[in-house]
Amino acid sequence: MVDDWWGRPILPSVPRLFLDHFHRTSLIAEDGGGLAGFLIGFPSPSLPDEAYIHFVGVSPGFRKSGLARGLYERFFDLARDHGRHVVKAITAPVNATSIAFHRRMGFEVGDPVPGYNGPGTSLVTFVRTI
Ligand SMILES: CC(C)(COP(=O)(O)OP(=O)(O)OC[C@H]1O[C@@H](n2cnc3c(N)ncnc32)[C@H](O)[C@@H]1OP(=O)(O)O)[C@@H](O)C(=O)NCCC(=O)NCCS
C-alpha cells in the first residue's frame, strides 16, 4: 500500500530486510479491517546513543487523528528502554507533510543535504533528543 499512501512510487525504499530484521522494534496499528499505520525503526547497532526511524505511514483515512504521534511516542519509549537519547530520520525535500509532521513532533529540521545518498539525491534531516 505504500505507493498509494505516499502518492508516488516509494516501494523500493522499503525493502524486505527492514521487516525481516527490525520487526521487533517496529510498530503497526490495525483497525480490524487491516493496516491503519506503521513505523519502521530501530536502535542503531553502531551508534550507542541513537535510534533511527526509517519509515512511518498512516492510511489516508486515519490521518490527522494522532495515530503517527502515538506511534512515535511508543517508539521514543522503546528507544529510551534501549538507552537511546537521540532519534534521527530523513525525508525528501518535496515531502512537505513529513517536514511539517516532524516539526510538530519536536524534531530539528536541517537544510536539504545535497548528495546525501549519492549523486542526484538531496534529503532533509531530522534530529530530536528524547
Ligand atoms: C506524515 C504522516 C505519517 C502523519 O501521520 P498522522 O497520523 O496524520 O499525524 P498525526 O495526526 O499523529 O499528527 C501529529 C502532528 O503533526 C501534525 N501534522 C500531521 N500532518 C500534517 C500536515 N499535513 N501538515 C501540517 N501538520 C501536520 C498534526 O497537526 C499533529 O500536530 P499536533 O499533535 O501538535 O496537533 C502521514 O501524513 C502520512 O502517512 N503521510 C504519507 C507518508 C509519509 O510521507 N511519511 C513520512 C515520511 S517517511
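The values are calculated or read from the model by the stated rules, or taken from the named source; none is laboratory data. Small disclaimer: the values here were computed from a predicted structure and weren't measured. Glycine gets a Cβ as well: all are built from the backbone with ideal geometry, and neighbour counts include every protein chain shown. To get the accessible areas, we keep the full protein, side chains included, count just its heavy atoms, and leave off ligands, DNA and RNA. Shrake-Rupley method; radii C 1.70, N 1.55, O 1.52, S 1.80 Å.
Here the Karplus relation 6.51 cos²θ - 1.76 cosθ + 1.60, evaluated at θ = phi - 60°, turns the backbone of the range 108-122 into coupling constants of 7, 9, x, 5, x, 9, x, x, 3, 10, x, x, x, 10, 9 Hz, with x for every Gly and Pro.
When Rg and Dmax are taken over the Cα atoms of the range 64-126, they come to 13.2, 37 Å. Taking each pair of distinct Cα atoms in the chain once, what is the resulting Kirkwood hydrodynamic radius in Å? About 15.3 Å, per the Kirkwood formula over Cα pairs.
One quarter of the convex hull surface built on the alpha carbon atoms of the range 37-98 amounts to 4.4 nm², the projected area averaged over directions.
Remark: C-alpha extents of the range 1-66 on the principal axes read 37, 25, 20 Å, sorted largest to smallest.
Under 5 Å between amide hydrogens, built in the peptide plane, is the criterion, and for Val113 it picks out Leu123, Val124, Thr125 among residues at least 5 positions away or on other chains.
Summing charges over neighbours of His102, with a neighbour being any other residue whose Cβ is under 10 Å away from its Cβ, gives +2 when K and R count +1 and D and E count -1. Solvent-accessible area per residue in the chain equals 59 Å², computed with a 1.4 angstrom probe and all protein chains kept. Accessible-area rank, largest first, for His85, His102, His54: His85, His54, His102, with all protein chains present and a 1.4 angstrom probe. Would you mind telling me the share, in percent, of accessible area of the range 2-129 contributed by carbon and sulfur at probe 1.4 angstrom? C and S atoms contribute 54 percent here. For Leu39, the solvent-accessible surface with a 1.4 Å probe is about 0 Å², rounded to the nearest 10.
Helix-derived [θ] at 222 nm for the chain: sum -39500 (n - 2.57) over DSSP H runs of at least 4, divide by residue count, nearest 500? Present the calculation step by step, with values, prior to reporting the outcome.
Details: 4 runs with 36 residues, N = 130.
Rounded to the nearest 500, it is -8000 deg cm²/dmol.
How do Arg24, Arg84 rank by accessible surface area computed with a 1.4 Å probe, from largest to smallest?
Working: Arg24 205, Arg84 30 Å².
Sorted by accessible area, descending: Arg24, Arg84.
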